[in-house]
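See below for the structure under consideration.
The values are calculated or read from the model by the stated rules, or taken from the named source; none is laboratory data. As the structure is a computational prediction, the values presented were derived from the model and not from experiment. Cβ placement follows ideal geometry from the backbone for every residue including glycine, while neighbour counts extend to all protein chains displayed.
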Amino acid sequence: MSLDENQLKMAAAESAVALVTDGLIVGLGTGSTATFAVSALGRRVAEGLRIVGIPTSEHTASQARALGIPLTSLADEPQIDMTIDGADEVEEGRLNLIKGLGGALLREKIVANASKRLVIIIHASKLERRLASRSPVPVEVVPFGWQATARHLSELGAKPTLRRNPKGEPFVSDGGHYILDCAFEPIASPESLAGELDHVIGLVEHGLFVGMTAEVHMASAGGVQVLKPAPR
């Protein structure tokens, strides 16, 4: 990661965090870009901003606690005012997403679905005409019989690869599941593929976030641009 990319991520994060006001319940995303947003929120909390966060991973929870951000859970606050998170790819126009390369897609989708407003932060290289142009679609699966699940995904046109940790062992999510990184041809209809994935037995959740994005804060050398979904 170059310094320039980090600067872009920080600019996008600062733009999104500027939307947060006193009294909000804020979903806290996971991943390298979301880390900048959590840091920016921590600075604002130290300056007196009164919010409560709901983290999407144990890693984010640890970061938030270290910064003094008060935390709660969906058990106590079932509706979230705003979630700020990153994305691995954003589809031009509709702003559908691929998420999950950070390993937290299940919790990220649960939090996003409970949010009134999902705000995504990216640098411009993440915007694609079609999803899966460069990134695989992460799929969280039950460890039992994951090979059978992978075969079903192959029948849908995927080339699934079991994600592994640095020791070469299967990566295990916070929910105790494996992740299959599924390479696809560029996706013509994320809605259709998401519907097919929803019916694969053994699949817990997939990284296609369809119709969930309220706005994208995209940083480039020219500044931060706020994108809204194109009408259907």
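Laid out as a table, the results:
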| quantity | calculated |
| --- | --- |
| Residue within segment 154-164 that is more than 30 Å from Leu24 (Cβ to Cβ) and crowded, with 23+ Cβ neighbours inside 10 Å present | yes |
| Glu140 being touching a Leu at 6+ places or on another chain (Cβ under 6 Å), surrounded by 23 or more Cβ atoms within 10 Å (Cβ to Cβ) and touching a residue at least 24 places away in the same chain (Cβ under 8 Å) | yes |
| Positions within segment 140-181 being basic (Lys, Arg) and either touching a helix residue (DSSP H, G or I) at 6+ places or on another chain (Cβ under 8 Å) or not in a strand (DSSP E or B) (or both), in sequence order | Arg151, Arg163, Lys167 |
| Flag for Val119 being closer than 15 Å to Lys228 by Cα and within 14 Å of the chain's Cα centre (by Cα) | yes |
| Count - residues of segment 123-139 that are in a loop (DSSP other than H, G, I, E, B) and among the aliphatic types (A, V, I, L, M) | 2 |
| Residue among Arg117, Arg151, Arg163 that alone is assigned by TED's automatic domain parsing to the domain that holds Val216 and at pLDDT 95 or above | Arg117 |
| Condition broken by Leu101, with the remaining ones in (1) crowded, with 24+ Cβ neighbours inside 10 Å; (2) assigned by TED's automatic domain parsing to the domain that holds Ala87; (3) of a type outside the set (Phe, Trp, Tyr) satisfied | (1) |
| Subset of segment 197-229 that is touching a His at 6+ places or on another chain (Cβ under 9 Å) and of a type in the set (Asp, Glu) - its residue that is surrounded by the fewest Cβ atoms within 10 Å (Cβ to Cβ) | Asp198 |
| Criterion: more than 28 Å from Val45 (Cα to Cα) and loosely packed, with under 15 Cβ neighbours inside 10 Å - qualifying residue of Ala75, Ala148 | Ala148 |
| Filter result for the condition that a residue is modelled with pLDDT of 95 or more and over 22 Å from Cys182 (Cβ atoms), over Leu97, Leu106, Leu71 | Leu71 |
| Filtered residue count, segment 20-37, keeping only those that are surrounded by fewer than 24 Cβ atoms within 10 Å (Cβ to Cβ) and closer than 22 Å to Ala104 by Cβ | 5 |
| Only one of Ile110, Ile54, Ile84 that is in contact (Cβ under 8 Å) with a residue 24 or more places away in the chain, buried (at least 24 other Cβ atoms within 10 Å of the Cβ) and farther than 20 Å from Leu127 by Cα | Ile54 |
| Qualifying residues in segment 117-137 (those that are closer than 24 Å to Glu58 by Cα and in contact (Cβ under 8 Å) with a residue 60 or more places away in the chain) - the one surrounded by the fewest Cβ atoms within 10 Å (Cβ to Cβ) | Arg117 |
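One line per residue, one yes/no per condition, for (1) in a strand (DSSP E or B); (2) at pLDDT 95 or above; (3) within 21 Å of Gln225 (Cα to Cα); (4) not aliphatic (A, V, I, L, M):
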position	(1), (2), (3), (4)
Asp22	no, yes, no, yes
Ala34	no, yes, yes, no
Ala37	no, yes, yes, no
Gly42	no, yes, no, yes
Leu49	no, yes, no, no
Gly53	yes, yes, no, yes
His59	no, yes, no, yes
Ser62	no, yes, no, yes
